[in-house]
Amino acid sequence: MALIIKSNIKKVVKDLDKENAVTSVAEEVGTAMERKVEEMLTEAIKRAKANNRRTLQGRDL
């Protein structure tokens, strides 16, 4: 299941890059972001389990 909407990456980069230094985004950025988010969620799940919670919370990230 896709977590990252690749069509939105360029829009967000443009909004965050106030100096307009980055003009394009490589296709591989979306794939790399997917991996990072999956890693973050896996670690967050472990933390929630370690704290005997069934609810994933922001502090787990």
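The values are calculated or read from the model by the stated rules, or taken from the named source; none is laboratory data. Since the structure is predicted, the reported quantities are computational estimates derived from the model, not experimental observations. All Cβ positions, even for glycine, are placed from backbone atoms using ideal geometry, and neighbour counts span all protein chains on display.
Report, by residue number, each residue of region 46-61 that is closer than 30 Å to residue 10 by Cβ and in contact (Cβ under 8 Å) with a residue 12 or more places away in the chain.
Passing the criteria: 56, 60, 61.
Just the residues that are assigned to a loop (DSSP other than H, G, I, E, B) and either at pLDDT 95 or above or over 26 Å from residue 59 (Cβ atoms) (or both), please, taken from region 1-49.
Selection gives 17, 18, 19, 20, 21, 22, 23, 24, 25, 26, 27.
Name the pairs: first residue in region 26-39 and under 16 Å from residue 10 (Cβ atoms), second residue assigned to a helix (DSSP H, G or I), Cβ to Cβ under 7 Å, at least 6 apart or on different chains?
What qualifies is 29/9; 30/6; 30/9.
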